[in-house]
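Enquirer: Here's a structure for you.
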Amino acid sequence: MAVVVETKELLQTVVASLVAGVGITVVFSVAIWGVARFADLSRNERTLAAGGAAVLAGLAVLVTLAAVAFGIVVMSSS
């Protein structure tokens, strides 16, 4: 008997896309928050805290770019 829909694979795809979509959104939101905090803390001359916010924003941007690159690699390898 032929199988019309592979339920297990479909469920894995849905879960992976939800995790990736929400995860990347949260990470990019952290990057935006870090940039905003950097600007606020720089204006208040709190250089150490501003530097920490800048590092956090930079790391979040790198994670976002790495996830996008990983997604492109996964899509092109199938």
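Enquirer: Once the Cβ-Cβ distance between A20 and D40 is put in as r, and R0 is 22 Å, what FRET efficiency do you end up with, to the nearest 0.05?
Expert: The pair A20/D40 has a calculated efficiency of 0.10.
Enquirer: Quick check on the exposure proxy: order V4, V30 from fewest to most C-beta atoms within 10 angstrom.
Expert: Ascending number of Cβ neighbours within 10 Å: V4, V30.
Enquirer: Once the Cα atoms of helix 7-43 and of the chain are each reduced to a long axis, what angle between those two axes, in degrees from 0 to 90 to the nearest 10, is obtained?
Expert: 10
Enquirer: Still on this structure, please answer the following. Counting other Cβ atoms within 10 Å of each Cβ, which GluC sites (Glu not before Pro) in the chain have at most 15 and sit in a DSSP loop?
Expert: Sparse-neighbourhood loop GluC sites (Glu not before Pro): E6, E45.
Enquirer: With Cα extents along the principal axes in Å as the read-out, I listed (i) 63, 21, 17; (ii) 64, 13, 12; (iii) 71, 20, 12; which label goes with the value calculated from this structure?
Expert: The listed entry that was calculated here is (iii).
Enquirer: For a protection proxy built on the mean count of beta-carbon atoms within 10 angstrom, sort 35-43, 17-25 highest first, please.
Expert: Averaged packing, sorted descending, gives the order 35-43, 17-25.
Enquirer: Once you place label points 7 Å from the Cα toward the Cβ at A49 and V74, how far apart are they in nm?
Expert: 3.7
Read-outs throughout are calculated quantities, based only on the coordinates presented, and are distinct from any laboratory measurement. Predicted model only: the values in this text are computed from it and were never measured. Positions of Cβ are backbone-derived with ideal geometry, glycine not excepted, and every protein chain shown enters the neighbour counts.
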